[in-house]
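Undergrad: The following block contains the structure, expressed as structure tokens.
The values are calculated or read from the model by the stated rules, or taken from the named source; none is laboratory data. Only a predicted model underlies this, so the values are computations on that prediction, with no experimental measurement involved. Cβ sites come from the backbone with ideal geometry, for glycine too, and all protein chains shown count toward neighbours. Just the protein is used for accessible areas: all its heavy atoms, side chains included, with ligands, DNA and RNA removed. Shrake-Rupley method; radii C 1.70, N 1.55, O 1.52, S 1.80 Å.
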Amino acid sequence: MKGTEHSGLMVFAEQEESVIHPVTFELLGKGRELADRLGVDLSAVLLGYGVEDEAFNLIRHGADRVYLFEDRSLKEFDAVRYKENIVPLLREVKPSVFLVGATRIGRSLAPRVAAALRTGLTADCTDLDVDEEGNLIQVRPAFSGNIMAVIRTRTRPQIATVRYKVMKPPEPDPKRRGEIIRRDVKVVEDSGLRILKKERVRGVDLTEAEVIVSCGRGVKRREDLVIFKELAAVLGGVFGSSRPLVDCGWVERERQVGFSGNVVKPKVYIACGISGSPQHLFGMRDSDVIIAINKDPSAPIFNVADYGFVGDMYEIVPLLVKKIKDLERAGLDRS
Amino acid sequence: MVKQVPDIERVRFDLETGRLDRSSAEGVTNPFDLNALEVGVQIKERLGGRITAISMGPPKAESTLRDCLARGADRAILLTDRRFAGADTLATSYTLACAIRELGRFDLIVCGEKTLDGDTAQVGPEVAELLGVPHVSYVEEVVAFTHEGITVKSDIGRFHYIYELRYPCLITVTKNVNIPRLPTLRDKILARKARVEVWDAERLSRVAEPDRFGLKGSPTTVVKVFSPLSSGRRGVILEGDAEELADRLLNVLREVGALKMERGNVD
Ligand SMILES: Cc1cc2nc3c(=O)[nH]c(=O)nc-3n(C[C@H](O)[C@H](O)[C@H](O)COP(=O)(O)OP(=O)(O)OC[C@H]3O[C@@H](n4cnc5c(N)ncnc54)[C@H](O)[C@@H]3O)c2cc1C
Ligand SMILES: Nc1ncnc2c1ncn2[C@@H]1O[C@H](COP(=O)(O)O)[C@@H](O)[C@H]1O
């Protein structure tokens, strides 16, 4: 916006156990692009304990400047303690835009920061742009992914949380130089909240899979799931599903793809017996290659598929598995 | 805090304009908010106390509050006023926080993880900030509670965390936290006769700045909506018998490098 003293973009660098969440790099990539177009600076704010090395990493990924807050009290994420340090920084540095990953940590922190600054916050953006005046143009799904909305913010900073895996992470440049500014930490002795215990979440991670074989309500009986799990196995991929199979208890929740499950971006996504509702498409439409098997030629999944196979998956998939195994056996014989 | 939302499964969308036809579906209680209410009811059963259900919305949201009374709330407040209309999350949170201030002392505020229509998951933490209390989002399990505080489990990052929070505080809960009970017929009948208090902007004048309500108090605006389906990439569609299709599919998988042997060692 013209005539305001706010300028530049700032990214919240999310870390857990001194490991930067990859959404941060995606934000730096997008932030760099927007900053260059506007001719302004891109900075990052990093809070933690023993995270200085990561500050250099942020610079290699595009930040001009990193504001570093290091203290024992910031070792674990605490929305109140983080906010108490970020809010004064934003008041002083006055970036026009503050971007936060739409992870659970980001979605817990950003609203506190926005409310403290009495500024607007747009949740879960899937695209960002700027206009000539530097206003942020924010695109996000609304009504459970049924429609997309374009949103503007009239206050500063314009704060947005951005979905993981919708933007491209930049290639790190080891030669990039920038400035690391260490800030005095405001230590909050008692935030009203204490961590009693912490344990690693285990289980499948669909978001990192290269190949995903998903099935949907086209599966008639629970026992039939093995047919599709086997295809996933012979491809060295991960088995996923649409929501109905999760809701009826046949498939674990962490395998759900879609709006209320995981957003995935594998090299190859194979949808078997999935109609292609807006909520499902939301979670897989950005896969590199989409293959769909469905017996209904009018199924909407075919509108996003690179290769659509109209037929009965109960016939096609077992045949395919057999053919892949034959091919592999032949391949092994050769070597 | 509970909100009435359009029934997403039934609501009709105009895919040309991306607009939804609110009159095409009944309002239902946001499902996560029923889990939030159930947390309150379970605490009340063991420790006593009173539950107030608060909602901001149009007059017809009264039915949602009546449902809350049938499910165990002791008091229900509907914040409704033309001046509250057009609110984004900041203005919504502000109005709800003012109403909670006006009510006086509280121990625990429970919200749903998110709403089905807004789907921001912002209102809970924003209310916590405006009231100056700590919060934990995405609570998967209530582990314990006493008269002093509550212990909850949340999967906020790559870890499960067990947090101990001291009252007053706020939590937002996921669907996994409990199974909301159904109201009995008797409770439903009683709730039909119970009073839902209606509060307008005037009622909050002791604690609120009216400029922070509704459209005026909302820094964000939706400038356009569009259908997400417009950007499809329909490729080739293949038909034939199963044998033929399986062969074609095998070829496609080889071409795109999806076969394990061609991707190298993945195990
Ligand atoms: C708030 C909200 C959030 C949601 N979140 C998600 C989400 O995250 N993920 C999600 O997936 N859904 C989600 N949904 C649900 C979504 O709206 C759809 O109901 C769901 O995706 C449909 O799943 P499906 O395609 O498996 O089933 P259906 O729509 O029933 O499709 C089954 C398909 O299988 C085909 N078929 C049947 N038999 C065969 C056969 N033998 N061979 C080949 N094809 C066959 C049929 O032609 C049909 O197209 C959500 C809904 C709401 C309201
Ligand atoms: N208008 C409202 N009235 C009461 N509570 C609300 C309202 N909007 C949101 N909430 C609460 O905040 C939670 C998150 O909503 P949202 O930020 O819209 O995703 C909901 O589950 C409710 O508990």
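Undergrad: Any residues in the stretch B:130-164 that have 50 Å² or more less accessible area with all protein chains than in their chain alone, probe 1.4 Å, and which are they?
TA: B:PRO134, B:HIS135, B:TYR138, B:ILE156, B:ARG158, B:PHE159, B:HIS160, B:TYR161, B:ILE162, B:TYR163, B:GLU164
Undergrad: Among B:ILE150, B:ILE43, B:ILE179, which one shows the biggest mean-square fluctuation in a GNM of chain B, springs joining Cα atoms closer than 10 Å?
TA: Comparing B:ILE150, B:ILE43, B:ILE179 in a Gaussian network model of chain B, the most mobile one is B:ILE179.
Undergrad: Please report the relative contact order for chain A, taking Cα pairs under 8 Å with a sequence separation of at least 6, and give it as a percent rounded to a whole number.
TA: The value is 14 percent.
Undergrad: I would also like to ask the following. Relative contact order of the stretch A:3-182, please, whole-number percent, based on alpha carbon pairs below 8 angstrom and at least 6 residues apart. It would help to have the intermediate numbers written out before the result.
TA: On the way: 390 pairs, mean separation 51.7, N = 180.
So the answer I get is 29 percent.
Undergrad: Calculate how large, on average over all directions, the projected area of the Cα convex hull of the stretch B:4-212 is; give the answer in nm² to one decimal.
TA: Mean projected area for the stretch B:4-212: 12.8 nm², to one decimal.
Undergrad: Separate question: How about B:LYS153: which aspartates and glutamates have a C-alpha closer than 16 Å to its C-alpha, ignoring those fewer than 8 places off in the same chain?
TA: Within reach: A:GLU76, A:ASP78, A:GLU199, B:GLU113, B:GLU140, B:GLU141, B:GLU164.
Undergrad: Follow-up. Determine the sum of side-chain charges near B:LEU245: Lys and Arg each +1, Asp and Glu each -1, restricted to other residues whose C-beta is under 12 angstrom from that of B:LEU245.
TA: -4
Undergrad: Using a 1.4 angstrom probe on the protein heavy atoms only, line up B:ILE237, A:ILE301 by accessible area, largest first.
TA: From most accessible down to least: B:ILE237, A:ILE301.
Undergrad: Just to confirm a number: summing +1 for Lys and Arg and -1 for Asp and Glu over residues other than A:VAL19 whose beta-carbon lies under 9 angstrom from that of A:VAL19, what do you get?
TA: Local charge sum for A:VAL19: -2.
Undergrad: Further, regarding this structure: With all protein chains present, how much of the accessible area of the stretch B:128-247 (probe radius 1.4 Å) comes from carbon and sulfur, to the nearest whole percent? Please report the intermediate quantities before stating the final value.
TA: Numbers: 3420 of 6400 Å².
Using a 1.4 Å probe with all protein chains present, the stretch B:128-247 comes out at 54 percent carbon and sulfur.
Undergrad: Shifting gears a bit: Can you tell me the length gained on complete extension of the stretch A:LEU225 to A:GLU133, counting 0.36 nm per residue apart and subtracting the Cα distance? Kindly include the intermediate steps, with their values, before the conclusion.
TA: Values: separation 92, 0.36 × 92 = 33.12 nm, distance 5.36 nm.
Separation in residues times 0.36 nm, less the Cα-Cα distance, equals 27.8 nm.
Undergrad: Given springs between every Cα pair under 10 Å in a Gaussian network model of chain B, which of B:VAL225, B:VAL173, B:VAL196 has the largest fluctuation?
TA: Per the Cα network of chain B with a 10 Å cutoff, B:VAL225 tops the list.
Undergrad: How shielded is A:186-199 by partner chains, expressed as the average number of their Cβ atoms within 10 Å of its Cβ atoms?
TA: Mean partner-chain Cβ count within 10 Å for A:186-199: 5.
Undergrad: How many angstrom lie between the C-alpha centres of the stretch B:74-117 and the stretch A:1-75?
TA: The stretch B:74-117 and the stretch A:1-75 have Cα centres separated by 33 Å.
Undergrad: So what is the accessible area of chain B per residue, in Å², with the probe set to 1.4 Å?
TA: On the way: 12970 Å² over 267 residues.
Accessible area per residue, chain B: 49 Å².
Undergrad: By how many degrees, between 0 and 90 and to the nearest 10, does the Cα long axis of helix A:225-234 differ from the longest principal axis of chain A?
TA: Between the helix axis and the principal axis of chain A, the angle is about 70 degrees.
Undergrad: With everything on Cα atoms, drop me the angle between helix A:313-334 and the longest principal axis of chain A, reported from 0 to 90° to the nearest 10.
TA: Relative to chain A, helix A:313-334 is tipped by roughly 90 degrees.
Undergrad: What is the distance, in nm, between label points placed 7 Å from the Cα along the Cα-to-Cβ direction at A:PHE56 and at B:GLU239?
TA: Inter-label distance under the simple model: 6.2 nm.
Undergrad: Rounded to the nearest Å, what's the spacing between the alpha carbon centres of the stretch B:201-220 and the stretch A:260-335? Just the number, please.
TA: Each part's Cα centre sits 51 Å from the other's.
Undergrad: Follow-up question, since we're still on this one. Among A:CYS272, A:CYS215, A:CYS248, which one moves the most in a GNM of chain A with springs linking Cα atoms closer than 10 Å?
TA: A:CYS248
Undergrad: Kirkwood Rh, the protein assembly as shown, all Cα pairs: how many Å? List each step's numbers first, then the result.
TA: On the way: mean 1/r = 0.0389 Å⁻¹.
Result for the protein assembly as shown stands at 25.7 Å.
Undergrad: Expressed as an acute angle from 0 to 90° and rounded to the nearest 10, what is the orientation of the C-alpha long axis of helix A:79-93 relative to the principal long axis of chain A?
TA: 60
Undergrad: Work out Dmax and Rg for chain A from the C-alpha atoms and quote the Rg first, both in angstrom.
TA: Every Cα atom of chain A included, Rg and Dmax give 22.8, 73 Å.
Undergrad: Would you please give the FRET efficiency between B:ASP7 and A:GLU17, computed as 1/(1 + (r/R0)^6) with r the Cβ-Cβ distance and R0 = 45 Å, to the nearest 0.05?
TA: Values: r = 42 Å, r/R0 = 0.93.
The pair B:ASP7/A:GLU17 has a calculated efficiency of 0.60.
Undergrad: Take the residue pairs A:LYS94/B:LYS3; B:LYS60/B:LYS224; B:LYS188/B:LYS216; A:LYS265/B:LYS260; A:LYS295/B:LYS224 and return only those whose Cα atoms are more than 29 Å apart.
TA: Pairs exceeding 29 Å: A:LYS94/B:LYS3; B:LYS188/B:LYS216; A:LYS295/B:LYS224.
Undergrad: Something else: Give the residue from A:HIS280, B:VAL139, B:GLY235 lying farthest towards the positive end of the charge dipole for the protein assembly as shown; charges sit on Cβ (+1 for Lys and Arg, -1 for Asp and Glu) and the dipole is referred to the Cα centre.
TA: B:VAL139
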